[in-house]
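K.L.:
I have a structure I would like to understand better, so I am pasting it below and will then ask my questions one at a time.
The values are calculated or read from the model by the stated rules, or taken from the named source; none is laboratory data. Model, not experiment: these values are computed from the prediction. Because the Cβ atoms are built from the backbone with ideal geometry, glycine has one as well, and the counts that use them run over all protein chains shown.
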């Protein structure tokens, strides 16, 4: 975002308070679950239908969905499928009856985080919700780090990108110079620029950054000299 320092988006996402979304048509269940999660310090929203839940704007947030499988109208599997289109990393924990376990297995294959059979132990459910929220937070932070690292790597010139790949392959500056047909001094200058542009604290940090991003980022092409 304009005016934000690199990493500020990451920090904001990490600091955002998670929300537990309870979707259950039984009013007493919604009330009891709200009480459970609020007592643990978790912001909680309760919806009586899948339609009402999906009508909420901004579902791509930190948190977790506790979703009843067997609801009138839109069932739990359909809610899960539609939610995945809007917020693919929002974890879903299904509440099931004994006769609905096969549905929960289908939900797990479709990406659900967990399922709990009714009647359930409150503390066990709370632990599962907290674990799902923690996993989502870790995945979101890793994704933000990858995007930030990819942004930094994309500032490298084509030659700097080549040098970086040789560095990741474990080659010394002398070996890289021989491979690319340049001088040792030129490669050292490229290495310094790479470290500066990526803000890597060490060579190991640079390599971790490159490996976390995966495929090489497109090199910057600005028409400048690059020897």
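K.L.:
In region 22-47, what count of residues is obtained for those that are touching a strand residue (DSSP E or B) at 6+ places or on another chain (Cβ under 8 Å) and either crowded, with 16+ Cβ neighbours inside 10 Å or not in a helix (DSSP H, G or I) (or both)? Quick ask: steps written out before the conclusion?
P.N.:
Within region 22-47, the first condition is being touching a strand residue (DSSP E or B) at 6+ places or on another chain (Cβ under 8 Å), and the residues that meet it are 22-26, 29-31, 33-34, 37-38, 42-47.
Now narrow it down to the ones that are either crowded, with 16+ Cβ neighbours inside 10 Å or not in a helix (DSSP H, G or I) (or both): 22-26, 29-30, 33-34, 37, 42-47.
Result for region 22-47: 16.
K.L.:
Is it the case that residue 1 is modelled with pLDDT of 85 or more, in contact with a helix residue (DSSP H, G or I) (Cβ under 8 Å, 6 or more places away or on another chain) and part of a loop (DSSP other than H, G, I, E, B)?
P.N.:
Details: modelled with pLDDT of 85 or more: no; in contact with a helix residue (DSSP H, G or I) (Cβ under 8 Å, 6 or more places away or on another chain): yes; part of a loop (DSSP other than H, G, I, E, B): yes.
Judged against the criteria, residue 1 is not a match.
K.L.:
Across region 53-87, what is the total count of residues that are over 18 Å from residue 117 (Cβ atoms), part of a helix (DSSP H, G or I) and in contact (Cβ under 8 Å) with a residue 12 or more places away in the chain?
P.N.:
Total satisfying the criteria: 9.
K.L.:
Can you give me the number of residues within region 56-74 that are at negative phi and touching a strand residue (DSSP E or B) at 6+ places or on another chain (Cβ under 9 Å)?
P.N.:
Kept after step one, since they are at negative phi, are these residues of region 56-74: 56-57, 59-62, 64-72, 74.
Filter once more, so that each one left must be touching a strand residue (DSSP E or B) at 6+ places or on another chain (Cβ under 9 Å): 56, 59, 61-62, 64-71.
Number satisfying all stated conditions: 12.
K.L.:
Also, I was wondering about something else. Pick out, from region 128-216, the helices (runs of 4 or more DSSP H) lying fully within it that include 3 or more residues that are over 22 Å from the mean Cα position of the chain (by Cα). Write out each step before concluding.
P.N.:
Values: elements: 158-168, 173-180, 184-198, 203-213.
Correct list: 158-168, 173-180, 184-198.
K.L.:
Do we find a residue being in a loop (DSSP other than H, G, I, E, B), at positive phi and surrounded by 14 or more Cβ atoms within 10 Å (Cβ to Cβ) anywhere in region 113-124?
P.N.:
Step one: of region 113-124, the residues in a loop (DSSP other than H, G, I, E, B) are 113, 118-121.
Filter again for at positive phi, leaving none.
No, the conditions are met nowhere in region 113-124.
Yes or no, residue by residue, for (1) under 18 Å from residue 20 (Cβ atoms); (2) within 20 Å of the chain's Cα centre (by Cα):
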site	(1), (2)
43	yes, no
64	yes, yes
68	yes, no
87	yes, yes
91	yes, yes
97	no, no
102	no, no
109	no, yes
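K.L.:
Residues in region 190-200: is at least one within 30 Å of residue 82 (Cβ to Cβ) and either free of Cβ contacts under 8 Å to residues at least 24 places away in the same chain or touching a helix residue (DSSP H, G or I) at 6+ places or on another chain (Cβ under 6 Å) (or both)? Before you say what the answer is, go through the steps one by one.
P.N.:
Keep residues of region 190-200 that are within 30 Å of residue 82 (Cβ to Cβ), which gives none.
For region 190-200, residues within 30 Å of residue 82 (Cβ to Cβ) and either free of Cβ contacts under 8 Å to residues at least 24 places away in the same chain or touching a helix residue (DSSP H, G or I) at 6+ places or on another chain (Cβ under 6 Å) (or both): absent.
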